[in-house]
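The next block holds one structure in the form of structure tokens; read it before the comments.
The values are calculated or read from the model by the stated rules, or taken from the named source; none is laboratory data. On a predicted model such as this, the values are computed, not experimentally measured, just so you know. A quick note on method: Cβ atoms are made from the backbone with ideal geometry, for glycine too, and the neighbour counts reach across all protein chains shown.
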Amino acid sequence: MNVRTRFAPSPTGYLHVGGARTALFSWAYARRHGGTFVLRIEDTDQERSTEASSNAILDGMKWLGLDWDEGPLFQMQRLARYKEVAERLIAAGHAYYCWATKEELDSLRNEQRSRGEKPRYDGRWRPERAKAAGLVAPAGGAPVVRFRTPEEGEVGWRDLVKGQISFPNAELDDLVILRADGVPTYNFGVVVDDLDMQITHVIRGDDHVNNTPRQIHIFRALTKDAGTQLPEFAHVPMILGPDGERLSKRHGAVSVTQYRDDGFLPEALDNYLARLGWSHGDDELFGMQQLVEWFDLAHVSRSAAQFDPDKLAWMNQQYIKAAPDARLAALIEPELRRLGAAPDAGPPLERVVALLKDRATTLLHLAEAAMLFYAEPHPEPALLAEHLSEAARPALRTLQARLAEAPAWERAAISAAMKQALASSGLKMPQLAMPLRVLVTGRTQTPSIDAVLELLGREAVLARLARHLDGD
Ligand code: GLU
């Protein structure tokens with residue numbers, strides 16, 4: 001079988017991490033089976049859909065490496081097709097025009113509620129009922145098209161994630177498939193498109209489980225004679241925030257591009273999302289190629305996954321550590337410039353990255369840390385007061401002199417100079433290293449200080465020390 005999957009976002013906002021995870025699973029499934037991954041933009045909510053949002057979604061997908069083989073296809077460009085299919089359903093008796101007004105439907109709903117019933121459309125415009133009740137289509141009215149849902153029996157499917165699911169048909173009513181303005185409703189657009197695009201596996205969030213029985217009915221009505229197979233369905237559980245509520249903005253960044261802007265590497269987010277509700281034994285760190293080799297729907301978890309920002313940060317750190325220095329340097333250079341640095345005026349950025357990357361959880365932290373090499377530090381007075389004790393000053397001045405004379409500017413010589421400065425002072429290494437670090441870098445946390453000094457260069461180090469020590 002030629003596997004065809006799709007991702008069908010509604011362009012009403014950014015690409016949410018939940019959507020990205022669905023896209024990733026659909027993509028991985030298609031790639032795993034040498035199939036085709038289709039991108040469809042479900043833009044029929046005309047009030048909320050925007051082009052900016054479509055673009056943000058495409059950007060997010062490209063950044064994550066989720067390349068699609070067909071599309072993006074926009075539903076609003078297919079209105080003629082939905083109309084044609086709706087008319088076919090009407091001709092075959094599976095759908096009908098409904099002229100019920102909003103007022104009528106409101107009062108129907110109120111009556112049902114007052115009787116303690118669940119509100120549902122009563123099928124009054126089904127042709128045989130309308131005829132029996134003497135209903136006549138009003139002249140000039142704009143009807144909607146409704147689907148004739150079977151009233152008895154049940155509808156079910158074997159979900160590839162959740163197992164057997166069934167719904168009694170009595171719970172479903174005759175849903176609108178085409179609005180009066182000719183725009184399809186979600187459930188109709190999806191079925192027409194999934195059929196036209198020959199989708200074999202519908203992989204989506206489990207918030208759509210309740211829509212699936214309606215879609216199956218429409219599918220069957222459309223394919224009765226053709227014998228086309230229903231696609232397989234795989235409903236992926238939701239993502240929850242650390243507090244167990246559905247993941248939302250309240251929990252922090254939920255947009256993929258926000259993670260990019262916050263300094264995450266795409267492969268880290270991909271890896272994290274892949275592990276969110278899917279597993280391959282105890283494997284935690286793996287790339288997209290590995291995911292494609294391993295991915296299956298059988299190991300998608302049936303229960304909701306919990307989003308853990310700390311774990312994502314940890315993964316990002318692992319990927320930063322493993323990334324080539326040149327790539328990281330290119331990625332952080334714009335941020336350094338934004339922070340006011342002139343990267344050409346300091347040590348080579350790649351060497352700075354090599355020294356710092358083991359500690360960075362994001363690219364922004366890495367850029368922030370790299371700034372010490374490119375901008376004069378301005379240690380806070382409180383920091384100076386805390387670390388630059390009177391006892392340390394003489395030792396720092398000795399060190400200053402030794403560093404000025406050190407035969408070669410390299411780590412070993414720098415450490416030797418520090419030991420010499422200590423020897424005459426009676427201080428312990430941290431009592432010298434910490435004030436030195438604060439004076440030269442403006443920070444209390446850096447990699448090994450001799451490595452930092454070596455890379456910073458003699459001239460810069462002596463200039464920075466002189467600013468605080470000269471004139472004592
Ligand atoms: N546009 C729907 C959504 O964003 C797609 C659901 C589906 O994949 O069928 O939730």
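Tabulated results
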item	result
Pairs, first farther than 20 Å from Thr36 by Cα and hydrophobic (A, V, I, L, M, F, W, C) in region 277-306, second at pLDDT 95 or above and exposed (fewer than 14 other Cβ atoms within 10 Å of the Cβ), C-beta under 6 Å, six or more apart	Trp278/His299
Matching residues, region 1-50, being farther than 30 Å from Ala180 by Cα, more than 13 Å from the ligand (Cβ to nearest atom), touching a residue at least 60 places away in the same chain (Cβ under 8 Å) and not small (Gly, Ala, Ser)	Met1, Asn2, Val3, Arg4, Val17, Leu24, Tyr29, Arg31, Arg32
Residues satisfying the stated conditions in region 402-431, i.e. of a type in the set (A, V, I, L, M, F, W, C), assigned to a helix (DSSP H, G or I) and surrounded by fewer than 16 Cβ atoms within 10 Å (Cβ to Cβ)	Ala404, Ala412, Ala416, Ala423, Met429
Selection count, region 62-80, where residues are within 17 Å of Gly189 (Cβ to Cβ) and among the aliphatic types (A, V, I, L, M)	4
Positions within region 172-195 being under 15 Å from Asn2 (Cα atoms) and either in a loop (DSSP other than H, G, I, E, B) or out of contact with any strand residue (DSSP E or B) (no Cβ under 7 Å at 6 or more places or on another chain) (or both), in sequence order	Leu195
Residue count, region 224-240 (criterion: of a type in the set (A, V, I, L, M, F, W, C) and more than 15 Å from the ligand (Cβ to nearest atom))	2
All helices (runs of 4 or more DSSP H) inside region 206-304 with 1 or more residues being farther than 30 Å from His94 by Cβ	256-261, 266-275, 288-294
Subset of region 149-161 (residues that are surrounded by fewer than 18 Cβ atoms within 10 Å (Cβ to Cβ) and either of a type in the set (Gly, Ala, Ser) or in contact with a Phe, Trp or Tyr (Cβ under 9 Å, 6 or more places away or on another chain) (or both))	Gly153, Glu154, Gly156, Arg158
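Residue by residue, here is whether (1) within 12 Å of the ligand (Cβ to nearest atom); (2) touching a residue at least 60 places away in the same chain (Cβ under 8 Å); (3) surrounded by 17 or more Cβ atoms within 10 Å (Cβ to Cβ) holds:
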{"site": "Ser166", "(1), (2), (3)": "no, no, no"}
{"site": "Glu171", "(1), (2), (3)": "no, no, no"}
{"site": "Arg179", "(1), (2), (3)": "no, no, no"}
{"site": "Gly189", "(1), (2), (3)": "yes, yes, yes"}
{"site": "His201", "(1), (2), (3)": "yes, yes, yes"}
{"site": "Ile216", "(1), (2), (3)": "no, yes, yes"}
{"site": "Leu222", "(1), (2), (3)": "no, yes, yes"}
